[in-house]
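The values are calculated or read from the model by the stated rules, or taken from the named source; none is laboratory data. Please read these numbers as outputs of a predicted model, since none were measured by experiment. Surface areas here come from the heavy atoms of the whole protein model, side chains and all, with no ligands, DNA or RNA. Shrake-Rupley method; radii C 1.70, N 1.55, O 1.52, S 1.80 Å.
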Amino acid sequence: MSGRMRARTGTTAHATAAAATGRRRRRIGIAAAALLSTAGALAATTTPAQAYSPNPTVSAYYRDTDSCPCSGGTLTDPFDNTYFAYDAGGYAVKLELNQGGSFVGKVEFHPNDEKLWVYDTKNDGDTFYVQVSYTSGGTGHNLGTYSAPGTDAVMDYVTKDFDIPEGAYVDISVYDDAGLTDYIGGARGTGAAIA
């Protein structure tokens, strides 16, 4: 036998077309798999489907806790009301979030025991994020970002107990997104709470 390749016989136009169709189907299958993979990755990394638009309005209510216990008046709300205990030198704050006449949440800082309460009071598929920091001795300290858990309950809340030095200024910032880029309102700077 010589080193020549044997010529292919029996190849028809039909066989050639079938081979081309098979290659086309493989390419379509690969493209579809890549598209589904990309769509799945995007879905896994997106933020919640909703965001408040427009943002809720924030009303801030302060109490000098030298004069407490305090409740009633602007501290009254349709959920559990607010009660601030006596704390010498403290300055408490309650932030109410309302949208379109609907109470959607509240944030409270209690100087007595340095507690933060974050309430989500509307099952609307959205939440808000509360970033807390304090300044003491000229140094700022980030205490983290908190939000109420999203359950089917009428009211969800989370409580955080901090160890903040007495007299420290406590800044509370409320955002509509976990990335902390869509500021809603807060109590910070000259309007900060005092531990």
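Just a few scattered comments:
- Relative frequency of Cα-Cα separations exceeding 26 Å in region 55-195, percent: 18
- The residues of region 83-122 expose, per residue, 32 Å² of accessible area to a 1.4 Å probe.
- Compactness check for region 102-175: Cα Rg over 2.2 N^0.38 Å is 1.18.
- The solvent-accessible area of GLU166, taken with every protein chain present and a 1.4 Å probe, is close to 120 Å².
- Relative to the current alpha-carbon distance between ASP66 and PHE103, full extension at 0.36 nm per residue lengthens the span by 10.4 nm.
- For region 168-178, Karplus couplings with θ = phi - 60° (6.51, -1.76, 1.60), whole Hz, Gly/Pro x: 6, 7, 10, 9, 10, 10, 10, 10, 8, 9, 5
- Percent accessible area from carbon and sulfur atoms, region 64-185, protein chains only, probe 1.4 Å: 47
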